Each structure stands twice: as C-alpha cells, then as structure tokens.
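Asker: Please find one structure pasted underneath; my questions will follow.
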Amino acid sequence: MKNILLYIGRLWACLFSPKMAYYLSQISNYLYTGYYCAQFKKWGQRSLVKKRWSHLKGAECIEVGDDCTFSQNCELTAWTSYREIKYQPSIIIGNGCTFRQRVHITAINKIQIGDHLLTGNDVLISDNNHGVIEKKDLQINPQDRSLSSKGEIIIGNNVWIGDKACIIGKVTIGDGAIIGANSVVTKDVPAYSVVAGVPAKLLKQL
C-alpha cells in the first residue's frame, strides 16, 4: 500500500510541477476569497485569503483594507451575541497587513489595526474574556459565562507581532512597535519600542 501511494505521489509530481502547483493553489485562493469577501462589511482590493478560514463569524462587522493577506487557518470572530447577550463588535483592518497561519482575532467591542501589520504564527488579538475574575463567575462552566471586555484594542501602523504573542484587553500599541514572540501584552505599548515577556515589558524605545 505504501509503495502504491509513493507511486501516485511521483506520478502527481510528473503531472504537476511546483510552478503548476503554485498556480493551481493561487487559483484556489482567489476562488475561496471571492466566495467569502461579499460577506464582509468591507473587503479591500487585492486582499486574499489563503486556503480557508479556521473560523469566521460576524463578517458583516469586519472591514478589511487593500492588499491584505490571511494565511491558512486564520480565525476572525466578531460576536454580535453570545449566550443571548447582544454585542456591537467592530474589527477594522488597515491596508497591506499580513497575517500568518492560525492568527485569531476576536471582538465584542472594537479592534482597530493600522496599515502594514505583520504577525507571526499563532497570534491572538482579543478584546474579550469569558466572564470576569469574580468567584461567582469562576464557579460557572467557562463556556456558559457571558463575554466581557475592558475596552478596545488599537494597533498602529507598521507594527510587528512575533509568533504566539497575545494582545489582550484594553491596549493601544503605537506605530512601529515590535512585540516579541510568546509575549502577553496587557498594557499600552509606546510607538517605536520593543516589548517582550509575560507580561510584556519595555526593552527599548527609540
């Protein structure tokens, strides 16, 4: 059986060169993007989704600028309701942003991202939590707690967010900031600075 599969793989390689496979993949990406872009409040020119969404919810509350790229298995969720509670979320993404694989952006309040954001893989940007840190909430199944938000998240232009970083709560990140890999950002980040750690701390500012 293994030999048969190897033979099929070799035959596939003969029929489809890497260049041909790339073009077929691009065609698939454009078809997929075309299918979903009409659901969004705004979808910019030349913006592209590669392969598929991991989870897409509330697209009517999401604006995407021009020339943005979402890699495989990104998740965008704008929660208009959860456990029968209504919310008014807004996710606004600027121009020229690149989101690597498995980026998760979720809002019940507001997340605004400037132009030319670059993320690593597995980044979380969330303005909400399941419940609040009070004993009565902690005694409830997390999935049954209502969503809560401390405030909006604002990310400036030309920001770089490293792999597996988390941006949580009411936070403003200034232009040109760099967020180190595996960092947890819970406080404002000055423009043209480098932060890293859990929680993220200022390492350098220009």
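Asker: Looking at segment 62-83, which of its residues are farther than 19 Å from Gly120 by Cβ and either assigned to a strand (DSSP E or B) or in contact (Cβ under 8 Å) with a residue 40 or more places away in the chain (or both)?
Answerer: Ile62, Glu63, Val64, Gly65, Thr77, Ala78, Trp79, Ser81, Tyr82, Arg83
Asker: Right, another one. When you scan segment 67-81, do you find a residue that is buried (at least 20 other Cβ atoms within 10 Å of the Cβ) and more than 22 Å from Ser149 (Cβ to Cβ), even just one?
Answerer: Scanning segment 67-81 turns up at least one residue that is buried (at least 20 other Cβ atoms within 10 Å of the Cβ) and more than 22 Å from Ser149 (Cβ to Cβ).
Asker: Answer yes or no as to whether Gly197 is closer than 24 Å to Arg102 by Cβ and either open to solvent by less than 10 Å² (accessible area, probe 1.4 Å) or at pLDDT 95 or above (or both).
Answerer: So Gly197 fits the description; yes.
Asker: Now for a different question. Out of the residues in segment 166-186 meeting the condition of being out of contact with any Ser or Thr (no Cβ under 9 Å at 6 or more places or on another chain) and assigned to a loop (DSSP other than H, G, I, E, B), tell me which one is nearest to Ile155 (Cα to Cα).
Answerer: Among them, the one singled out is Asp175.
Asker: For segment 84-105, enumerate the residues that are part of a strand (DSSP E or B) and in contact with a His (Cβ under 9 Å, 6 or more places away or on another chain).
Answerer: Across segment 84-105, the qualifying residues are Thr98, His104.
Asker: So, one more: Within segment 83-114, can you find the residues that are open to solvent by less than 50 Å² (accessible area, probe 1.4 Å), more than 15 Å from Gly58 (Cα to Cα) and not small (Gly, Ala, Ser)?
Answerer: Cys97, Thr98, Phe99, Val103, Ile113, listed by residue number.
Asker: OK, next. Of everything in segment 17-41, what is surrounded by 13 or more Cβ atoms within 10 Å (Cβ to Cβ) and either at pLDDT 80 or above or in contact with a helix residue (DSSP H, G or I) (Cβ under 7 Å, 6 or more places away or on another chain) (or both)? Give them in sequence order.
Answerer: Once the filter is applied, which keeps residues that are surrounded by 13 or more Cβ atoms within 10 Å (Cβ to Cβ) and either at pLDDT 80 or above or in contact with a helix residue (DSSP H, G or I) (Cβ under 7 Å, 6 or more places away or on another chain) (or both), segment 17-41 yields Asn29, Tyr32, Thr33, Tyr36, Cys37, Phe40, Lys41.
The values are calculated or read from the model by the stated rules, or taken from the named source; none is laboratory data. Quick caveat: nothing in here was measured; it's all calculated off a predicted structure. All Cβ positions, glycine included, derive from the backbone under ideal geometry; neighbour counts span all protein chains shown. Just the protein is used for accessible areas: all its heavy atoms, side chains included, with ligands, DNA and RNA removed. Shrake-Rupley method; radii C 1.70, N 1.55, O 1.52, S 1.80 Å.
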